[in-house]
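See below for the structure under consideration.
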Amino acid sequence: MCVENVPPPSSRVTRRGVLAGAAALAGTAAALSAAPGAVAAPARGSGRGPGTGAGPTGDLVVEGGTLLDPATGEVTEDAVVVIRDGVVQAAGARSRTAVPSGVPRLDAHGGWVLPGLIDAHIHLNTATEARDAVRKGATGARSGSTNFYQDIAVRELARQAPEQAPRLRAAGVFVTPDLGDTVLADPDLTPLARLKDGVRSAQALRRVVEVNLARGADVVKTRVNERAGLPEQDPLAQVYSYEQLSEIVTAARRGGKGVLCHSYSERGCDDAVRAGIRSLEHGVFVGERTLRDMRRRGTYFTPTMTAIAGMIGDRDPVLDKRGRTYLPILKEAVRTAHELGVPLAAGTDSSGGEVTPIGREVALMRAAGLPALDAIRTATTGAARLLGVERTAGRLARGFAGDVIVVDGDPLADPSVLATPRRVVRAGLPVQD
């Protein structure tokens, strides 16, 4: 939860090397991924669909399922989704949609068809984790940070081999008091190793943000509290003040980026929101006053309930008790946030090799009191707005990305069906099981 330590790459990390390595990996992976699937191999184009970069894209017709548009709530039976060169060309009832001939088909009869889901808080450290996230329905994602800029490479992998990674907003490395081995992630971070008090001064905080921006991070991740997933830490203990958080936010804004903030305590959540963060992560003890301020500012709430629920039953009694204590409090905070009009985004906080289906978080949003359609929106249209991709993701409409999931069951009756998609399509390319 919130970044497990992983060994650094064995070779020297350079600014260009991480992208070049990802590109090489993507090219090799794409060449090896031609295993036979349940549908005919789609035609691959060379055009640039929304967020697909220079990688291959596909032509595909998804037909026969019941189409749900999260933006409007409209349900269309016997629907057709036409994807050309990785982009939706048309979506709607078969009787009103022209279907091109000679394009591979994916049979969705008996299932429901939705846009690929977006995991707004996930830690993808390896290519295996990236592939697993896509297979489980997350065709888009926002990184919650990685230790050695792996997410920047995953973002490039997603552009070069779309079916192997979600479209990603990368966060780079965590802006946290103790960087640990992360000082080795970039030579420009190594001077911070000699700081006795860690990354706390205004200059040190700016340095980490600036290195992230230089490495190409799309967002900046920081914290205001210690971690809940480590029994020896107190998640209510505050590690950064309002002034320090403001320094981070100002440095990020200077580079045109927003900040997501790991937070638990009532005061910590309030300090983070007042400092101007873009989204509050976890936020178990967020107060109603802060939620009202979030509504006024347009600050998003990403509660990561699956991560909190995942502590229940842990072998460590401290974590088990935290999970059982925190989850009902967090559900109530989510319900209150929704009632007040705070924008919500779904995120799993998956890390350490365990990728949680984003559909589970949607089901927990429903369990917290959101109507089913609003719960689905937290992983589609709502998450897309948070990531700044609302014009290309979160819906299946003309001009949007050809990212699709097909599920067995009505998600408006039972959102948990989203956790086990029957089929996943990424940029018009069927994802292999």
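The values are calculated or read from the model by the stated rules, or taken from the named source; none is laboratory data. From a predicted model like this one, the values you see are computed outputs, not experimental measurements. All Cβ positions, even for glycine, are placed from backbone atoms using ideal geometry, and neighbour counts span all protein chains on display.
Please determine whether any residue of the stretch 381-388 is out of contact with any Leu (no Cβ under 8 Å at 6 or more places or on another chain), hydroxyl-bearing (S, T, Y) and either over 16 Å from P166 (Cα atoms) or not in a loop (DSSP other than H, G, I, E, B) (or both).
Among the residues of the stretch 381-388, at least one is out of contact with any Leu (no Cβ under 8 Å at 6 or more places or on another chain), hydroxyl-bearing (S, T, Y) and either over 16 Å from P166 (Cα atoms) or not in a loop (DSSP other than H, G, I, E, B) (or both), which makes the answer yes.
Residues of the stretch 262-290 being of a type outside the set (F, W, Y), in a loop (DSSP other than H, G, I, E, B) and crowded, with 23+ Cβ neighbours inside 10 Å, which ones?
Narrowing the stretch 262-290 to residues of a type outside the set (F, W, Y): 262-263, 265-284, 286-290.
Filter once more, keeping what is in a loop (DSSP other than H, G, I, E, B): 265, 276-278, 283-284, 286-287.
Hits for the stretch 262-290 are I277, G283, V284, V286.
Of these, G283, G353, which one is closer than 30 Å to T126 by Cα, modelled with pLDDT of 95 or more and assigned by TED's automatic domain parsing to the domain that holds T222?
Details: G353 fails: modelled with pLDDT of 95 or more.
It is G283.
Step by step: first the residues of the stretch 159-181, then only those that are among the hydrophobic types (A, V, I, L, M, F, W, C) and either part of a loop (DSSP other than H, G, I, E, B) or touching a His at 6+ places or on another chain (Cβ under 6 Å) (or both), then the one that is surrounded by the most Cβ atoms within 10 Å (Cβ to Cβ). Which residue is that?
Just the residues of the stretch 159-181 that are among the hydrophobic types (A, V, I, L, M, F, W, C), to begin with: 161, 165, 168, 170-171, 173-175, 179.
Next, from what is left, pick out any that are either part of a loop (DSSP other than H, G, I, E, B) or touching a His at 6+ places or on another chain (Cβ under 6 Å) (or both): 161, 165, 170-171, 173-174, 179.
Working: A161: 28, A165: 30, A170: 26, A171: 28, V173: 27, F174: 25, L179: 22.
Per the stated criteria, the residue is A165.
So, V220, is that one touching a strand residue (DSSP E or B) at 6+ places or on another chain (Cβ under 8 Å) and modelled with pLDDT of 95 or more or not? If you could, list the steps in order and put the result at the bottom.
On the way: touching a strand residue (DSSP E or B) at 6+ places or on another chain (Cβ under 8 Å): yes; modelled with pLDDT of 95 or more: yes.
In short, yes.
(1) crowded, with 17+ Cβ neighbours inside 10 Å; (2) part of a loop (DSSP other than H, G, I, E, B): which one isn't true of D314, the others all being true?
(1)
Taking the stated definitions as given, is V342 farther than 22 Å from L412 by Cβ, in a loop (DSSP other than H, G, I, E, B) and in contact with a Phe, Trp or Tyr (Cβ under 8 Å, 6 or more places away or on another chain)?
On the way: farther than 22 Å from L412 by Cβ: yes; in a loop (DSSP other than H, G, I, E, B): yes; in contact with a Phe, Trp or Tyr (Cβ under 8 Å, 6 or more places away or on another chain): yes.
Judged against the criteria, V342 is a match.
Can you say whether D433 is charged (D, E, K, R) and at pLDDT 95 or above, as far as the supplied structure shows? Walk me through it before giving the result.
Values: charged (D, E, K, R): yes; at pLDDT 95 or above: no.
Against the criterion (charged (D, E, K, R) and at pLDDT 95 or above), D433 does not qualify.
Please verify whether A185 is among the small types (G, A, S) and exposed (fewer than 15 other Cβ atoms within 10 Å of the Cβ), treating the condition exactly as stated. Explain how you work it out, then say what you get.
Numbers: among the small types (G, A, S): yes; exposed (fewer than 15 other Cβ atoms within 10 Å of the Cβ): no.
So A185 does not fit the description; no.
From the list A153, A130, A120, pick out the single residue that is free of Cβ contacts under 8 Å to residues at least 40 places away in the same chain and either among the small types (G, A, S) or over 21 Å from S279 (Cβ atoms) (or both).
Details: A153 fails: free of Cβ contacts under 8 Å to residues at least 40 places away in the same chain; A120 fails: free of Cβ contacts under 8 Å to residues at least 40 places away in the same chain.
Answer to the selection: A130.
Across the stretch 223-261, what is the total count of residues that are surrounded by fewer than 23 Cβ atoms within 10 Å (Cβ to Cβ) and assigned to a strand (DSSP E or B)?
1
When the stretch 205-222 is examined, which residues are found to be of a type in the set (A, V, I, L, M, F, W, C), free of Cβ contacts under 8 Å to residues at least 60 places away in the same chain and in a helix (DSSP H, G or I)?
Restricting attention to the stretch 205-222, the residues satisfying the condition of being of a type in the set (A, V, I, L, M, F, W, C) are 205, 208-209, 211, 213-214, 217, 219-220.
Subsequent filtering for residues that are free of Cβ contacts under 8 Å to residues at least 60 places away in the same chain retains 205, 208-209, 211, 213, 220.
Listed by number, the residues that qualify are L205, V208, V209, V211, L213.
Filtering the stretch 345-366 down to residues that are out of contact with any helix residue (DSSP H, G or I) (no Cβ under 7 Å at 6 or more places or on another chain) and over 16 Å from D403 (Cα atoms), which residue is surrounded by the most Cβ atoms within 10 Å (Cβ to Cβ)?
Pass one, the stretch 345-366, residues out of contact with any helix residue (DSSP H, G or I) (no Cβ under 7 Å at 6 or more places or on another chain): 350-352, 354, 358.
Filter once more, keeping what is over 16 Å from D403 (Cα atoms): 350-352, 354.
Working: S350: 29, S351: 24, G352: 14, E354: 12.
The selected residue is S350.
Since T304 meets every condition but one in (1) surrounded by fewer than 23 Cβ atoms within 10 Å (Cβ to Cβ); (2) of a type outside the set (K, R); (3) within 20 Å of the chain's Cα centre (by Cα), which condition does it not meet?
The single condition T304 does not satisfy is (1).
Assess whether A375 counts as being within 25 Å of S143 (Cβ to Cβ), in a loop (DSSP other than H, G, I, E, B) and either in contact with a strand residue (DSSP E or B) (Cβ under 7 Å, 6 or more places away or on another chain) or not assigned by TED's automatic domain parsing to the domain that holds V82 (or both).
Criteria not met by A375.
Pick out the one residue from L373, L344, L340 that is under 20 Å from the mean Cα position of the chain (by Cα), among the aliphatic types (A, V, I, L, M), within 21 Å of M294 (Cβ to Cβ) and modelled with pLDDT of 95 or more. Reasoning before the result, please.
Values: L373 fails: within 21 Å of M294 (Cβ to Cβ); L340 fails: under 20 Å from the mean Cα position of the chain (by Cα).
Being under 20 Å from the mean Cα position of the chain (by Cα), among the aliphatic types (A, V, I, L, M), within 21 Å of M294 (Cβ to Cβ) and modelled with pLDDT of 95 or more holds for just one of L373, L344, L340, which is L344.
Taking T392 as the residue in question, decide whether it is assigned to a loop (DSSP other than H, G, I, E, B) and either more than 22 Å from R278 (Cβ to Cβ) or assigned by TED's automatic domain parsing to the domain that holds G110 (or both).
Details: assigned to a loop (DSSP other than H, G, I, E, B): yes; either more than 22 Å from R278 (Cβ to Cβ) or assigned by TED's automatic domain parsing to the domain that holds G110 (or both): no.
So T392 does not fit the description; no.
In the stretch 70-98, what residues are hydroxyl-bearing (S, T, Y) and more than 23 Å from A372 (Cα to Cα)? Walk me through how you get there before you give the answer.
Keep residues of the stretch 70-98 that are hydroxyl-bearing (S, T, Y), which gives 72, 76, 95, 97.
Listed by number, the residues that qualify are S95, T97.
Please specify each residue of the stretch 113-139 satisfying the condition of being hydrophobic (A, V, I, L, M, F, W, C) and surrounded by fewer than 24 Cβ atoms within 10 Å (Cβ to Cβ). Reasoning before the result, please.
If we filter the stretch 113-139 for residues that are hydrophobic (A, V, I, L, M, F, W, C), which is where we start, we get 113-114, 117-118, 120, 122, 124, 127, 130, 133-134, 138.
Hit for the stretch 113-139 is A127, nothing else.
Only one of these is assigned by TED's automatic domain parsing to the domain that holds E77 and either farther than 30 Å from V61 by Cβ or not hydroxyl-bearing (S, T, Y) (or both): R335, R423, R360. Name it.
Numbers: R335 fails: assigned by TED's automatic domain parsing to the domain that holds E77; R360 fails: assigned by TED's automatic domain parsing to the domain that holds E77.
When all the criteria are applied, what remains is R423.
Mind checking which residues of the stretch 184-204 are of a type in the set (A, V, I, L, M, F, W, C) and either closer than 22 Å to S241 by Cα or assigned to a helix (DSSP H, G or I) (or both)?
Here is the first cut: in the stretch 184-204, the residues of a type in the set (A, V, I, L, M, F, W, C) are 184-185, 189, 192-193, 195, 199, 202, 204.
L184, L189, L192, A193, L195, V199, A202, A204 - these are the residues of the stretch 184-204 that are of a type in the set (A, V, I, L, M, F, W, C) and either closer than 22 Å to S241 by Cα or assigned to a helix (DSSP H, G or I) (or both).
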